[in-house]
Amino acid sequence: MAVYSAAAAVLAGVESRQGSLKGLVYASNFQVLVYDLLLGKGFRGRGGRWKPLLERHQARLKAELARLKVRQGVSRNEDLLEVGSKPGSASQVPRFVRVNILKTCAEDAIDYFKRQGFSYQGRASSLNDIRALKGKCFLLDPLLPELLVFPAQTDLHDHPLYQAGHLILQDKASCLPAMLLAPPPGSHVIDACAAPGNKTSHLAALLKNQGKIFAFDQDAKRLASMATLLARAGVSCCELAEQDFLAVSPSDQRYCQVQYILLDPSCSGSGMPSRQLEEPKSCTPSPERLRALAAFQQRALSHALTFPALRRLVYSTCSVCQEENEDVVRAALQQSPGAFRLAPVLPSWPHRGLSAFPGAEHCLRASPETTLTGGFFIAVLERVEEPSSGSQAKAAASELTPSPAQREEEAAEAAAAPGT
């Protein structure tokens, strides 16, 4: 939505200059309050624990709003919102709502919205169905069975189902990593760079709260917000740790049963609609920043591939830069030759990986133009199965033991031989 993208852009500008609001830029509730303060009608009786912080930084936020208007070439706040609402812009990405199956089901959520006057249009059959959404109409996503789709302008931050943790406001592309990792109930899973926690809650829903999620993040504030989110979502199978994933030892016995890893590391965020609103003509970060990010991402991915029981890993970013995506995956695969391969997933997905190396077409990309989502990248790596010692011995024995046809041929040769 344009209004909240504008708020996110203001926050991003303040964070880049001062740093004291680190981690809050991507908190949707915080963005809503910034919008209310700068572009709306004040806090309207809400604000909670964020209100004193926002009031303390109000002057800086207003200064950043003025800079944003200069960059966009507009003079009024209303004009700024219209910039983000132009057809074809990132702000036209629909509002995706994941039903939290730990607390409810899609059918009950649909019935609730219908009782509130929304018009349910059934399961979408194409992107054109989603593009045509307007007013109080909504659809069921054609790929994810628990994902509802509303028009881009729909605001559900104050909706009782969202406040109760029955709904998660999460872009469709952001839902794909957990869906493609697909850990069965009872599995042990690592969420390597977990905050803010939407993907973690999705993993818990897929696990049905059975099994174990080890979630790591270095930022204490983001981790605290994540704990609140997970509690509201009814997640009980997650163990949070304020720790750098690179410092986690694969040989630690706590992780000896981890067969699934979701790695969504820090990235440039160049695919995020809010970043595109902030810098519409320059969504690509500097080469220096890209090199630093890619180096960290490659270390994290290579480290994740060393966990001994690992069978399947999903690497994802909200970046559109090849340096953070295909190049990182290629480097990690080259460091573990023959051990892992890219799994071919979602063959009908319209936007594939760039042709940076053979097999890169198995990666997935997303964008507002091609998939009506935020910009995203996903790669699914799976361990190449090696024959067990038992099967190898069986194969060797079969090579040494003649087949019935071979035995008949040898007997015939022996019968025809002189002196037999």
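The values are calculated or read from the model by the stated rules, or taken from the named source; none is laboratory data. Keep in mind that this is a model prediction, so the values were computed, not measured. Neighbour counts run over all protein chains shown; Cβ positions are idealised from the backbone, glycine included. What goes into the accessible areas is simple: the full protein's heavy atoms, side chains included, and nothing from ligands, DNA or RNA. Shrake-Rupley method; radii C 1.70, N 1.55, O 1.52, S 1.80 Å.
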Which numbered condition trips up Ser302, out of (1) buried (at least 21 other Cβ atoms within 10 Å of the Cβ); (2) at pLDDT 95 or above; (3) part of a helix (DSSP H, G or I)? (1)
Ser89 vs (1) modelled with pLDDT of 75 or more; (2) open to solvent by 20 Å² or more (accessible area, probe 1.4 Å): all pass except (1)
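So which residues in the range 182-194 are open to solvent by 10 Å² or more (accessible area, probe 1.4 Å) and either within 18 Å of the chain's Cα centre (by Cα) or over 21 Å from Pro308 (Cβ atoms) (or both), if there are any at all? Spell out the reasoning first.
Residues of the range 182-194 that are open to solvent by 10 Å² or more (accessible area, probe 1.4 Å), as a first pass: 182, 184-188, 193.
Matches in the range 182-194: Ala182, Pro185, Cys193.
How many residues, within the range 305-334, are part of a helix (DSSP H, G or I) and touching a residue at least 12 places away in the same chain (Cβ under 8 Å)? Show your work before the answer.
First, the residues of the range 305-334 that are part of a helix (DSSP H, G or I): 322-324, 326-334.
Add one more test, that the residue is touching a residue at least 12 places away in the same chain (Cβ under 8 Å), and what stays is 322-324, 326-333.
The number of residues fulfilling the criteria is 11.
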Kindly indicate whether any position in the range 101-115 is in a strand (DSSP E or B) and closer than 19 Å to Asp171 by Cβ. no
Any residue in the range 154-165 that is surrounded by fewer than 15 Cβ atoms within 10 Å (Cβ to Cβ), without any contact (Cβ under 8 Å) to a residue 24 or more places away in the chain and either among the aromatic types (Phe, Trp, Tyr) or closer than 15 Å to Thr371 by Cα (or both)? no
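What do you reckon, is Asn209 within 19 Å of the chain's Cα centre (by Cα), of a type outside the set (A, V, I, L, M, F, W, C) and open to solvent by 20 Å² or more (accessible area, probe 1.4 Å)?
Values: within 19 Å of the chain's Cα centre (by Cα): no; of a type outside the set (A, V, I, L, M, F, W, C): yes; open to solvent by 20 Å² or more (accessible area, probe 1.4 Å): yes.
For Asn209, the condition - within 19 Å of the chain's Cα centre (by Cα), of a type outside the set (A, V, I, L, M, F, W, C) and open to solvent by 20 Å² or more (accessible area, probe 1.4 Å) - is not met.
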Go through the residues of the range 263-280 one by one and say whether even a single one is aliphatic (A, V, I, L, M) and at pLDDT 95 or above. yes
In the range 225-269, what residues are more than 28 Å from Leu293 (Cα to Cα) and polar (S, T, N, Q)? Thr228, Ser236, Gln253, Gln257
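Would you call Leu169 hydrophobic (A, V, I, L, M, F, W, C) and in contact with a strand residue (DSSP E or B) (Cβ under 9 Å, 6 or more places away or on another chain)?
Yes.
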